[in-house]
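A.B. asks: Provided herewith is a single structure, encoded as structure tokens, for subsequent inquiry.
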Amino acid sequence: QNPKTSAIVKQLLAEGNAGELQKYFGSRMEFGTAGLRAAMGAGISHMNDLTIIQTTQGFCRYLEKNFSDLKKRGVVIGFDARAHLSSGGSSKRFARLAANTFISQGVPVYLFSDIIPTPFVPYTVTHLKLCAGIMVTASHNPKQDNGYKVYWENGAQIISPHDKGISQAIEENQEPWPQAWDDKLIDSSLLLHDPYAMVNKEYFKDIQKQCFHRNINKETNLKFVHTSVHGVGHKFVQLAFKAFDLSPPFAVPEQKDPDPEFPTVKYPNPEEGKGVLTLSFALAEKDGAKIILANDPDADRLAVAEKQESGEWKVFSGNELGALLGWWIFTCWKNHNRDTHAIKDVYMLSSTVSSKILRAIALKEGFHFEETLTGFKWMGNRAKQLMDQGKAVLFAFEEAIGYMCCPAVLDKDGVSAAVITAEMASFLATRNLSLSQQLKAVYDEYGFHITKASYFICHDPKVIQQLFDNLRNFDGKNTYPKSCGRFKVSGIRDLTTGYDSSQPDQKAILPTSKSSQMITFTFANGGVATMRTSGTEPKIKYYSELCAPPGNSDLEQLKKELDELVNALEKHFFQPEKNNL
């Protein structure tokens, strides 16, 4: 019943444009563990009023099946600032339609009355002990996209088999229920609650448990620039600084207010590095700020840059900031826990394609490190399991600039990560150290970990399959490569088939998935390389790392060694000419 999407379809019918109609109606968006992510527009392959209603009807039925007390506990729904003029879709409209679906079935809904950062949804699920959470956002995707991200009662993103169960329930509930389109009904409902004021108070109270140097924060002369890249982060990072008694960061004026057009950037993704930070660099130079903090549009990720002695700006990689935050959070924990036995219950997590630096710190300091599959859904769920066993999970991160620094949110959170980074930098400044100098000190103490990641684009699934089949039958059937150029392979873990050469029974410990490709090679020189397919793009990605023991500090030599390993990986394992990548 949305006049805009309806008109788009009628227009295509009138033109007899079968090709476009096929694109719109050929296949339904797939509901996976990340929920939905697609362009806004008409048809079942896009995010629009109808597909939101259908998705929520399915999700509602699935929750009814799993929770006998759903009508007592309810769900939370949040949204970012995305909007799409030509199809009339917006995150706020989608959130209201979703709320209407639940309320029509007698389910209480905690619908935020204004835009929020994504981490506020998992926070609210945990804080109010709700059955589930929905965040309407496409994070750092291009402006035409939107998404529907789902959290379970444990406060973490859903993992299998929930995605399949919800997907099936959506298929079974496609016809809109009687009042599905009339979202005005919710405004007078007693089942509608607004958690905005409560969460804005409680969240900032909870993150203060991670504030250890209030006196330094009050006195520091260090200046920070913050950009929210036209997203939701501005207000919340300002509040976080206030909660830590830090002077507010300078906000990039052109980017601080939400704008669904993202007019000043090609991609609203701070992972793209310097291109997204051009305006931040200019403001920092003008105001004499040394450090830039950049959130993605839904403020669940964080990029950090620091001005070097040379006047150049260094943008830290996700792995480098993970090393710094891991070191910092452990150091703060150690200084506040004098009980030497407590360390046996301390954990840190990172994903298998992220740097192994936390493993090195854990080995030397005596706490536990675990790696999980790629994505915060795995780290959030594992963290909750460990916390339920009475363990302390201090920190989790992934190389895609995602950090979980605070146990109140079991997902990546760019707001708490920004203010904790600011406190760390302020503390280091009292010791006359920059973030870059401290990063080198971490590597000196625990061993250099240098990383390099990239990808090849391939639009043909057959070629991708063939490339991985070739690696599994390298020297005859069922044999993996014994070397890659001059580099000897010392271990192989294949999470598509479940093979792991390092285990006594040769079976991988981490969950395996036949639907995606992922092989990790360990090399005799301390190198590790993972090749995997992307769940959302036509890419074959690789992540490589060289882990040197403490004391080997010839950084240039290590970089040269890693470059040679990556060149060999590309040449022998990807074979870009042969596979046309």
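A.B. asks: Modelled label-to-label distance, E577 and Q179, 7 Å Cα→beta-carbon offset: nm?
C.D. replies: 6.8 nm
A.B. asks: Is the range 79-119 best put as rounded, prolate or oblate by its Cα gyration tensor, with a ≥ b ≥ c the root eigenvalues, rounded for a/c under 1.5, and otherwise prolate when a/b is larger than b/c, oblate when not? Please list the in-between numbers first.
C.D. replies: Working: a/c = 3.62, a/b = 1.42, b/c = 2.55.
Taking the square roots of the gyration eigenvalues as a ≥ b ≥ c, the range 79-119 is oblate.
A.B. asks: Once phi is turned into θ = phi - 60°, what whole-Hz ³J(HN,Hα) does the Karplus curve with 6.51, -1.76 and 1.60 give for every residue of the range 328-336, x standing for Gly and Pro?
C.D. replies: Running phi through 6.51 cos²θ - 1.76 cosθ + 1.60 with θ = phi - 60° gives 5, 5, 5, 4, 4, 4, 4, 5, 9 Hz.
A.B. asks: Relative contact order for the range 304-373 using alpha-carbon pairs under 8 Å, separation at least 6, rounded to a whole percent?
C.D. replies: Details: 59 pairs, mean separation 17.9, N = 70.
Once divided by the residue count of the range 304-373, the mean separation gives 26 percent.
A.B. asks: Also, I was wondering about something else. Rolling a 1.4 Å sphere over the protein heavy atoms, what is the accessible area per residue of the range 203-314, to the nearest Å²? Don't jump to the answer; show the numbers that get you there.
C.D. replies: Numbers: 4870 Å² over 112 residues.
Accessible area per residue: 43 Å².
A.B. asks: A further question on this structure: Would you indicate which of (i) 0.98; (ii) 1.22; (iii) 1.08 is the value of Cα Rg over 2.2 N^0.38 Å derived from the coordinates of this structure?
C.D. replies: Recomputing Cα Rg over 2.2 N^0.38 Å here picks out (i).
A.B. asks: Further question on the same structure: With the Cα gyration tensor of the range 479-551 giving a ≥ b ≥ c as the square roots of its eigenvalues, does the rule (a/c under 1.5 for rounded; else a/b larger than b/c for prolate; else oblate) give rounded, prolate or oblate?
C.D. replies: Numbers: a/c = 1.82, a/b = 1.29, b/c = 1.41.
Oblate, since a/c reaches 1.5 and b/c is not below a/b.
A.B. asks: Still on this structure, please answer the following. Send over a whole-number figure in Å² for the accessible area per residue of the range 38-102, probe 1.4 Å. Let's see the in-between values first.
C.D. replies: Numbers: 1850 Å² over 65 residues.
Per residue, the range 38-102 has an accessible area of 28 Å².
A.B. asks: Based solely on its DSSP helices, what 222 nm [θ] is calculated for the chain when runs of n ≥ 4 H residues each add -39,500 (n - 2.57) and the sum is averaged over all residues, nearest 500 deg cm²/dmol?
C.D. replies: On the way: 19 runs with 215 residues, N = 581.
Calculated from helices alone, the mean residue ellipticity at 222 nm is -11500 deg cm²/dmol.
A.B. asks: I would also like to ask the following. By DSSP, what percent of the beta bridges with both residues in the chain are antiparallel, rounded to the nearest 5?
C.D. replies: Numbers: 54 of 81 bridges.
Beta bridges within the chain, antiparallel portion: roughly 65 percent.
A.B. asks: Hey, another quick one. How high is the relative contact order of the range 448-578, in percent, with contacts defined as C-alpha pairs under 8 Å that are six or more residues apart?
C.D. replies: 30 percent.
A.B. asks: Under the Karplus relation 6.51 cos²θ - 1.76 cosθ + 1.60, θ = phi - 60°, what is the ordered set of whole-Hz ³J(HN,Hα) values for the range 151-162, x standing for Gly and Pro?
C.D. replies: Result, ordered by residue: 10, 8, 5, 7, x, 10, 4, 5, 10, 4, x, 4 Hz.
A.B. asks: Compute the signed sum of charges (Lys and Arg +1, Asp and Glu -1) over the other residues within less than 12 Å, Cβ to Cβ, of F448.
C.D. replies: Working: positive: K356, K440, K559; negative: E320, D444, E445, E545, D554, E556, E561.
Local charge sum for F448: -4.
A.B. asks: In terms of modelled amide H atoms, which long-range or inter-chain residues lie less than 5 Å from the amide H of G402?
C.D. replies: Amide H neighbours of G402: none.
A.B. asks: Can you compute the FRET efficiency between Q208 and S436 using 1/(1 + (r/R0)^6), with r the Cβ-Cβ distance and R0 = 35 Å? Round to the nearest 0.05. Spell out each step's value before the answer.
C.D. replies: Values: r = 28 Å, r/R0 = 0.79.
Efficiency computed from Cβ-Cβ geometry: 0.80.
A.B. asks: Using alpha carbon centroids, what distance separates the range 208-222 and the range 460-485, in Å?
C.D. replies: 53 Å
A.B. asks: Sorting Y151, Y196, Y267 by accessible area (1.4 Å probe), largest first, what list results?
C.D. replies: From most accessible down to least: Y267, Y196, Y151.
A.B. asks: Quantify, in whole percent, the carbon and sulfur part of the accessible surface of the chain (1.4 Å probe; protein heavy atoms only).
C.D. replies: Working: 12540 of 24520 Å².
Carbon with sulfur: 51 percent of the solvent-accessible area.
A.B. asks: Tell me the per residue accessible area of the range 397-472 using a 1.4 Å probe; a whole number in Å² is fine. Can you show the working numbers first?
C.D. replies: Working: 2630 Å² over 76 residues.
Accessible area per residue: 35 Å².
A.B. asks: Taking all protein chains together and a probe of 1.4 Å, list E545, E175, E15 from the most accessible to the least accessible.
C.D. replies: Values: E545 10, E175 150, E15 105 Å².
The ordering from most to least exposed comes out as E175, E15, E545.
A.B. asks: Got the relative contact order for the chain handy, in percent, Cα pairs under 8 Å and 6 or more residues apart? Walk me through the numbers before you get to the answer.
C.D. replies: Numbers: 1160 pairs, mean separation 62.5, N = 581.
Taking the mean separation of contacting Cα pairs over the length of the chain, I get 11 percent.
A.B. asks: Then there is this: Once both labels are modelled 7 Å past Cα along the beta-carbon direction, what's the D339-I457 spacing in nm?
C.D. replies: About 5.5 nm separates the two model spin labels.
A.B. asks: Can I ask one more? Determine the shape class of the range 357-420: with a ≥ b ≥ c the square roots of the Cα gyration tensor eigenvalues, call it rounded for a/c under 1.5, and otherwise prolate if a/b is greater than b/c, oblate otherwise. Intermediate values should be presented prior to the final figure.
C.D. replies: Details: a/c = 1.41, a/b = 1.19, b/c = 1.19.
The shape class here is rounded.
A.B. asks: Distance between the C-alpha centers of the range 513-546 and the range 78-123? Whole Å please.
C.D. replies: With the range 513-546 and the range 78-123 each reduced to a Cα centre, they are spaced 36 Å.
A.B. asks: Separate question: Based on the Cβ-Cβ distance from Y267 to K314, what FRET efficiency comes out when R0 is 25 Å, to the nearest 0.05? Numbers along the way, then the final one.
C.D. replies: Numbers: r = 21 Å, r/R0 = 0.84.
According to the calculation, E is roughly 0.75.
A.B. asks: Once you wrap a convex hull around the alpha carbon atoms of the range 448-578, what is its projected area averaged over all directions, in nm²? All intermediate terms of the calculation are to be shown ahead of the outcome.
C.D. replies: Values: hull surface 34.7 nm².
So the mean shadow area of the Cα hull is 8.7 nm².
A.B. asks: Same structure, new question: Given K488/K559; K209/K242; K72/K201; K209/K377, which pairs have Cα atoms separated by over 21 Å?
C.D. replies: On the way: K488/K559 18 Å; K209/K242 14 Å; K72/K201 24 Å; K209/K377 24 Å.
Beyond 21 Å: K72/K201; K209/K377.
The values are calculated or read from the model by the stated rules, or taken from the named source; none is laboratory data. Here the structure is a predicted model, which is why all the values come from computation and not from measurement. Cβ atoms come from the backbone with ideal geometry, glycine included; neighbour counts cover every protein chain shown. Please note that ligands, DNA and RNA were not included when accessible areas were found on the heavy atoms of the full protein model with its side chains. Shrake-Rupley method; radii C 1.70, N 1.55, O 1.52, S 1.80 Å.
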